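Chemist: Got a structure for you, written out below as structure tokens; questions coming shortly.
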Amino acid sequence: MTTEDRGVRLPSVLTRPTVESEAQLRALLGALSGVDAVGAEARAAKLATRSLKKSTKMTAIDLAISMVDLTTLEGADTPGKVSSLCAKARRPDALDDSVPSVAAVCVYPDLVAQARAALRGSSVKVASVATAFPSGRASLPVKLLDVRDAVSAGADEIDMVIDRGAFLSGRLGLVYDEVVAVKEACGAAHLKVILEAGELATYDNVRKASWLAMLGGADFIKTSTGKVSVNSTLPTALVMLEAARDFAETTGALVGVKVAGGIRTTKDALRYLVLVNETTGAAWLTPDRFRIGASSLLNDLLMQRVKQRRGAYARPDEFSAD
Amino acid sequence: MSDLTSSPLGSLAYDAAPESRSVAKLRESYGLFIDGEFTDPSRHQSFVTLNPATEESLANVAQASSDDVDRAVVAARRAYETVWKKTTGAERAKYLFRIARLIQERSRELAVVETLDNGKAIRESRDVDIPLAAAHFFYHAGWADKLDYAGFGPNPQPLGVAGQIIPWNFPLLMAAWKIAPALAAGNTCVLKPAETTPLSALILAEILQQAELPPGVVNIVTGDGSTGAALVDHPGVDKIAFTGSTDVGRLIQQRVASSHKHLTLELGGKGANIVFEDAPIDEMIEGIIDGIFFNQGHVCCAGSRLLVQESVAEEVVRRLIRRVDQLRVGDPLDKNTDVGAINSAAQLERIKELSAYGEIEGATRYASSCALPDRGYWFAPTVFTDVSQSHRIAREEIFGPVLSVLTFRTPEEAVAKANNTNYGLACGVWSEKGSRTLWVAERLRAGVIWANTYNRFDPASPFGGVRESGFGREGGRHGLEAYLNV
Amino acid sequence: MSDRLDVRKTYKLLVNGAFPRSESARSYEVTDAKGEFLANVAQGSRKDIRDAVVAARGAQAKWWAATAYNRGQVIYRLAEMAESRREELAEHVGLAEGLKPKPARESVARAVDRMVWYAGWTDKVAQVFGSSNPVAGPYFNFSVPTPSGVVGVLADQNSSLEAFVDAVLAPICVGNTVIAVASERRPTPAVLLGEMTATSDFPAGVLNIITGVTGELAPILASHEDVDGIDLAGVDEDFADELALAAATSIKRVLRDGSGAPLRRLRAFIETSTVWHTIGQ
């Protein structure tokens, strides 16, 4: 056994399969192993007991900050709110420039231009939800227009939603075709495909939808919109990370994973990092392959960061409320 | 790309996260717990119990002689006749509930002591051993005043004095498995903990004092095999309950053959973990890992034989080995440790010897690349492939972190191979097809069958073996039978 | 009474559904309770025990795999056969045990009723001895009684039919197969019962009956490592001690006393197999 066999083993050539028919897609997804819900949840719970201390915790907190997609997706969003969020994204802690920038700012399409302007000159990406987010209940032309609108306004990344209704009613070809079409509409922008795992109900569906999205060209697969009652959970993220790992081993393509919704504390975030660490490994421990969609999480990470350095807890008001 | 392929999983290195040792307030020396008090052994002999992870001495523990065993049995008899027999089931229940609560209250201390004395990872003593021990008392407490409804006819009677001999792999949990049902059924006990792991039972003795359990109802005599033999041979004992190796179990059954002692035995195993091609692959890999590396493989029901369907064997082995390499082996007190220390030098020798046979007989050995500490007793998690049914590593219980992988082609063949052993304790079945799982389960000769899971325990679930894995059950309604004259 | 000459019967063993003479070709003389010649009965040997264990092992999986309903019907059929041959059984029980016709008939009646009782047990065992276990987790957990496997029975030396029926049908009705060593001095009722199994759809090997010298046969059975359990209730204490020692080598289940608590004999050769299965979507 050589060392190459010990981690994620990629094929020597890229072999991303092309899907030519719904029947073929069905066969590909049907061949995936089932997920035993109890086992998956037990594994996630066990990993949640990992204890990160000292320098590991410091590293992990900074890593988590750099993976944040700082998000505002409210009907009440305004250019002003987006601008201040972008300022926070560039420099999360006004008093400490050793804090890394977050990965991206995530907004609705009509605010992309505002974000683009506010982030000019920084490494922070502009992400936009699209495709009639969060329900996805619009015709494909409307969804594609939504995407093109965001891209032309300067979005680097598009977070689309899959048609859960179509998926649950077995119209897998339709879901796949939409992913492919959106990917094409994205052009150079990266595509994150939101599975809305809470609506898919089973881990088997999460695994199938993950593969469908990856086959369709997703650069990231994402757990949730944050707009339904069940958002990202550790076992869901585990199943998606396993899918990303297996997809990489099968095709050579490394697809990222984004968790979103309900991740508010440092403890939550670090648990996700442990999952990544022990499921897909080092190659995914980068903002290029793992993201955390969140808003209030960032300040908790900053608080914990200060606590680690100072040895004492800080006041919440030390950090800007954006 | 290349650094991706060569980087092992788990590159976010975890700094040491040790549980604080200071919660374990160990005494320098421990006497024998007889008639409610710690007493000196008659011959003033003692032995040292070690931390197998460091080889450091933890405490001096009394070596009970046959005179001491006699004192303990006499105390148990007196307590049985004068107190316990007259204590109502409802009152016995309350004592057991008290004990359960005290274990919960002192759980952190017990977890640390267990890890220090046994070498098992703190995650397991904290999340498995101690909570389950408390749960056992809690569960059996409820039976004490409901024995009429346990299905053995009206007014079932206790046996009297139970002599109980337990192993070193789950020291406190095994004590709970023995003491809780015995007391619930109305017996008194003399418990002999394993020589290498006496400490948690002695803390349990303190707990029994705190619970104000009447003196003599439970007596704890520490010592080596000679102490156990004295207990087995003592004419004042009505029942022997033993958990340990099949060889010792056989000797005990022989020694009590001409007595009227009741006997239950929970002995060794060579559990088959059967993997079908449609198994839920990620959870199955975790189940294989849990099956053999839980508690360093010091588990009588360990899934030490992996029977994998040929069609998926290569894929399963590849994923399994990748996972084995991820196991964190080391300081048992570290909260992130997955695999702790081997319990004793003697056990380490046995594991090494049998593993050496694996190679001699032609199996392919794969050992985890993890670094092992310099001091203490350690064995890297090991997987043997190309194993045949006839190999020693496929037949003998290794009782260590060593997995033998064999293959099969059909369900029929899987069952035949799984049953091709004198043991019959536990098996695993992994498949997404319910009908086949039940078909296999029906045909496996084993006392416990885990389907799509492994190494799960619960006080409500009867545990025990068939054939040379012993007889009698522990846990559940069935476990009460071992302590009732029915 | 005519002066017709009787056709006498040869009392043979029952092994694997066949009625062989002893492999050793030996027989021994059995007398009635008054000491008068009754029959020459096959004197079983070590090899007969060996063959019977092989037969019992071979039959066990299939017997257990049969539905409980089917096992009940087979045992009930035995009761029907015994019922129709009550007079013959009563004559033999009377001769063997020195009973007058009325108590002999009553003993047979009780034995037949007992068969009916066991016939009704086959499909109750799982419900009475099994359980669904409320574990603290997402698992469906159930315990089912399973047979120990192959059981050796040393029949009561005195009660030639009643005790024999209890001793062999208790393990059989829960799915074991049996090798029974019949009462040494009073074997003929057991042999008759064995013959009746041939007309009761008993699969070959489920009940094997060896006649002969208990003192010779019992140690072979007790030490045979492919025997999973042994009922020693039919032999005296000292001999039982010796046999229990031999049985320990292969960790056999040993029944020393079948009386006492209710259903002790029925429970004696039952294992509990507990299955866990995950519950999830």
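Chemist: For the stretch C:240-247, does any single residue satisfy the condition of being in a loop (DSSP other than H, G, I, E, B), touching a residue at least 12 places away in the same chain (Cβ under 8 Å) and away from chain A (no Cβ under 14 Å)?
Modeler: no
Chemist: Within the stretch B:114-130, does at least one residue satisfy the condition of being assigned to a helix (DSSP H, G or I) and closer than 24 Å to B:Val83 by Cβ?
Modeler: no
Chemist: When you scan the stretch A:54-63, do you find a residue that is within 14 Å of chain B (Cβ to nearest Cβ) and basic (Lys, Arg), even just one?
Modeler: Initially, the stretch A:54-63 is screened for residues within 14 Å of chain B (Cβ to nearest Cβ), giving A:54-63.
Retained after the next criterion (residues that are basic (Lys, Arg)): A:54, A:57.
Checked the stretch A:54-63: at least one residue is within 14 Å of chain B (Cβ to nearest Cβ) and basic (Lys, Arg).
Chemist: Which ones in the stretch C:11-26 are assigned to a loop (DSSP other than H, G, I, E, B) and either acidic (Asp, Glu) or under 17 Å from C:Lys47 (Cβ atoms) (or both)?
Modeler: Of everything in the stretch C:11-26, those that are assigned to a loop (DSSP other than H, G, I, E, B) and either acidic (Asp, Glu) or under 17 Å from C:Lys47 (Cβ atoms) (or both) turn out to be C:Lys12, C:Leu13, C:Asn16, C:Phe19, C:Pro20, C:Arg21, C:Ser22, C:Glu23, C:Ser24, C:Ala25, C:Arg26.
Chemist: Quick check on C:Gly212: is it within 20 Å of C:Ser148 (Cα to Cα), part of a loop (DSSP other than H, G, I, E, B) and either more than 9 Å from every other protein chain (Cβ to nearest Cβ) or among the hydrophobic types (A, V, I, L, M, F, W, C) (or both)? If you could, list the steps in order and put the result at the bottom.
Modeler: Values: within 20 Å of C:Ser148 (Cα to Cα): no; part of a loop (DSSP other than H, G, I, E, B): yes; either more than 9 Å from every other protein chain (Cβ to nearest Cβ) or among the hydrophobic types (A, V, I, L, M, F, W, C) (or both): yes.
For C:Gly212, the condition - within 20 Å of C:Ser148 (Cα to Cα), part of a loop (DSSP other than H, G, I, E, B) and either more than 9 Å from every other protein chain (Cβ to nearest Cβ) or among the hydrophobic types (A, V, I, L, M, F, W, C) (or both) - is not met.
Chemist: Could you say which residue among B:Ala418, B:Ala426 is buried (at least 24 other Cβ atoms within 10 Å of the Cβ) and more than 21 Å from the chain's Cα centre (by Cα)?
Modeler: Within the list B:Ala418, B:Ala426, the selection yields B:Ala418.
Chemist: Let me ask something additional. Just to be sure before I move on: is B:Ile252 within 11 Å of another protein chain (Cβ to nearest Cβ) and among the hydrophobic types (A, V, I, L, M, F, W, C) in the structure I sent?
Modeler: Spelling it out, B:Ile252 is indeed within 11 Å of another protein chain (Cβ to nearest Cβ) and among the hydrophobic types (A, V, I, L, M, F, W, C).
Chemist: Of all residues in the stretch B:103-127, how many are in contact (Cβ under 8 Å) with a residue 12 or more places away in the chain and surrounded by fewer than 20 Cβ atoms within 10 Å (Cβ to Cβ)? Let's see the steps before the verdict.
Modeler: Going through the stretch B:103-127, the residues in contact (Cβ under 8 Å) with a residue 12 or more places away in the chain turn out to be B:103-104, B:106-126.
Then keep just the ones that are surrounded by fewer than 20 Cβ atoms within 10 Å (Cβ to Cβ); that gives B:104, B:106-109.
Within the stretch B:103-127, residues that are in contact (Cβ under 8 Å) with a residue 12 or more places away in the chain and surrounded by fewer than 20 Cβ atoms within 10 Å (Cβ to Cβ) number 5.
Chemist: So, one more: In the stretch A:298-322, which residues are at pLDDT 90 or above and closer than 19 Å to A:Val126 by Cβ?
Modeler: A:Leu298
Chemist: Do you know which residues across the stretch B:112-161 are within 13 Å of another protein chain (Cβ to nearest Cβ), touching an Asp or Glu at 6+ places or on another chain (Cβ under 7 Å) and aliphatic (A, V, I, L, M)?
Modeler: The answer is B:Ala121, B:Ile122, B:Leu159.
Chemist: Here's a follow-up. Could you run through the stretch C:27-46 and say how many residues are surrounded by fewer than 16 Cβ atoms within 10 Å (Cβ to Cβ) and either aliphatic (A, V, I, L, M) or assigned to a loop (DSSP other than H, G, I, E, B) (or both)? I'd like the intermediate steps shown before the answer.
Modeler: Of the residues in the stretch C:27-46, the ones surrounded by fewer than 16 Cβ atoms within 10 Å (Cβ to Cβ) are C:29, C:31, C:33-37, C:40, C:46.
Next, from what is left, pick out any that are either aliphatic (A, V, I, L, M) or assigned to a loop (DSSP other than H, G, I, E, B) (or both): C:33-36.
Of the residues in the stretch C:27-46, 4 are surrounded by fewer than 16 Cβ atoms within 10 Å (Cβ to Cβ) and either aliphatic (A, V, I, L, M) or assigned to a loop (DSSP other than H, G, I, E, B) (or both).
Chemist: Still on this structure, I have one more. Select from the stretch A:119-144 the residues that are among the aliphatic types (A, V, I, L, M) and surrounded by fewer than 21 Cβ atoms within 10 Å (Cβ to Cβ) and write down the one among them that is nearest to A:Ala189 (Cα to Cα).
Modeler: Ranking the qualifying residues of the stretch A:119-144, first place goes to A:Leu144.
Chemist: Look at B:Phe399 and say whether it is within 30 Å of B:Val339 (Cβ to Cβ), in contact with a Lys or Arg (Cβ under 8 Å, 6 or more places away or on another chain), in contact (Cβ under 8 Å) with a residue 24 or more places away in the chain and away from every other protein chain (no Cβ under 12 Å).
Modeler: yes
Chemist: Quick one: would you say B:Ser245 is polar (S, T, N, Q), on the phi < 0 side of the Ramachandran plot and without any contact (Cβ under 8 Å) to a residue 24 or more places away in the chain?
Modeler: no
Chemist: For the stretch B:446-462, name all the residues that are within 8 Å of chain C (Cβ to nearest Cβ) and either without any contact (Cβ under 8 Å) to a residue 24 or more places away in the chain or crowded, with 24+ Cβ neighbours inside 10 Å (or both).
Modeler: Passing the criteria: B:Ala446, B:Gly447, B:Val448, B:Ile449, B:Trp450, B:Ala451, B:Asn452, B:Thr453, B:Arg456, B:Ser461, B:Pro462.
Chemist: Tell me, which residue of the stretch B:341-351 that is out of contact with any Ser or Thr (no Cβ under 7 Å at 6 or more places or on another chain) and surrounded by 15 or more Cβ atoms within 10 Å (Cβ to Cβ) is nearest to B:Ala53 (Cα to Cα)?
Modeler: B:Ala341
Chemist: Would you be able to tell me the number of residues in the stretch C:149-176 that are surrounded by fewer than 24 Cβ atoms within 10 Å (Cβ to Cβ) and not in a helix (DSSP H, G or I)?
Modeler: 4
Chemist: Is at least one residue of the stretch B:278-286 part of a loop (DSSP other than H, G, I, E, B), more than 26 Å from B:Arg350 (Cα to Cα), within 14 Å of chain A (Cβ to nearest Cβ) and hydrophobic (A, V, I, L, M, F, W, C)?
Modeler: yes
Chemist: Looking at the stretch B:465-484 only, could you name the residues that are in contact with a strand residue (DSSP E or B) (Cβ under 8 Å, 6 or more places away or on another chain) and at the interface with chain C (Cβ under 7 Å from one of its Cβ atoms)?
Modeler: B:Val466, B:Gly470, B:Phe471, B:Arg473, B:Gly476, B:Arg477, B:His478
Chemist: Sticking with this structure for a sec: Which one is modelled with the lowest pLDDT among residues in the stretch B:12-46 that are surrounded by 15 or more Cβ atoms within 10 Å (Cβ to Cβ) and within 14 Å of chain A (Cβ to nearest Cβ)?
Modeler: Ranking the qualifying residues of the stretch B:12-46, first place goes to B:Leu12.
Chemist: Among the residues in the stretch C:261-270, are any at pLDDT 95 or above, in a loop (DSSP other than H, G, I, E, B), over 14 Å from C:Ala218 (Cβ atoms) and more than 7 Å from every other protein chain (Cβ to nearest Cβ)?
Modeler: Scanning the stretch C:261-270 turns up at least one residue that is at pLDDT 95 or above, in a loop (DSSP other than H, G, I, E, B), over 14 Å from C:Ala218 (Cβ atoms) and more than 7 Å from every other protein chain (Cβ to nearest Cβ).
Chemist: With respect to A:Ala127, is the statement that it is in contact with a strand residue (DSSP E or B) (Cβ under 6 Å, 6 or more places away or on another chain) and hydrophobic (A, V, I, L, M, F, W, C) true? Steps first, answer last, please.
Modeler: Values: in contact with a strand residue (DSSP E or B) (Cβ under 6 Å, 6 or more places away or on another chain): yes; hydrophobic (A, V, I, L, M, F, W, C): yes.
The answer is yes for A:Ala127.
Chemist: Taking the condition of being within 11 Å of chain C (Cβ to nearest Cβ) and either hydroxyl-bearing (Ser, Thr, Tyr) or assigned to a helix (DSSP H, G or I) (or both), how many residues in the stretch B:417-445 meet it?
Modeler: Residues flagged as within 11 Å of chain C (Cβ to nearest Cβ) and either hydroxyl-bearing (Ser, Thr, Tyr) or assigned to a helix (DSSP H, G or I) (or both) within the stretch B:417-445 amount to 11.
Chemist: Which fully enclosed helices (runs of 4 or more DSSP H) of the stretch A:5-101 have 3 or more residues being free of Cβ contacts under 8 Å to residues at least 40 places away in the same chain and surrounded by fewer than 15 Cβ atoms within 10 Å (Cβ to Cβ)?
Modeler: Qualifying helices (runs of 4 or more DSSP H): A:22-30.
Chemist: Additional query: Residues that are touching a Phe, Trp or Tyr at 6+ places or on another chain (Cβ under 8 Å) and modelled with pLDDT of 95 or more, at least 3 per element: which helices (runs of 4 or more DSSP H) completely within the stretch A:144-239 meet that?
Modeler: Helices (runs of 4 or more DSSP H) meeting the threshold: A:203-215.
Chemist: Can you tell me which residue is farthest from the other protein chains (Cβ to nearest Cβ) among those in the stretch A:280-318 that are part of a loop (DSSP other than H, G, I, E, B) and among the β-branched types (Val, Ile, Thr)?
Modeler: Initial filter on the stretch A:280-318 (part of a loop (DSSP other than H, G, I, E, B)): A:280-281, A:285-289, A:295-296, A:311-315.
Within this subset, residues satisfying the condition of being among the β-branched types (Val, Ile, Thr) are A:280, A:286.
Values: A:Thr280: 8, A:Thr286: 11 Å.
Checked the stretch A:280-318; the qualifying residue farthest from the other protein chains (Cβ to nearest Cβ) is A:Thr286.
Chemist: In contact (Cβ under 8 Å) with a residue 24 or more places away in the chain, closer than 20 Å to B:Ala418 by Cα and not aromatic (Phe, Trp, Tyr), is that true of B:Leu307? If you could, list the steps in order and put the result at the bottom.
Modeler: Numbers: in contact (Cβ under 8 Å) with a residue 24 or more places away in the chain: yes; closer than 20 Å to B:Ala418 by Cα: yes; not aromatic (Phe, Trp, Tyr): yes.
Yes.
Chemist: While we're looking at this one, here's another question. Of the residues that sit in the stretch A:148-166 and are surrounded by 24 or more Cβ atoms within 10 Å (Cβ to Cβ) and over 12 Å from A:Phe133 (Cα atoms), which one is nearest to the chain's Cα centre (by Cα)?
Modeler: A:Glu157
The values are calculated or read from the model by the stated rules, or taken from the named source; none is laboratory data. Model, not experiment: these values are computed from the prediction. Cβ sites come from the backbone with ideal geometry, for glycine too, and all protein chains shown count toward neighbours.
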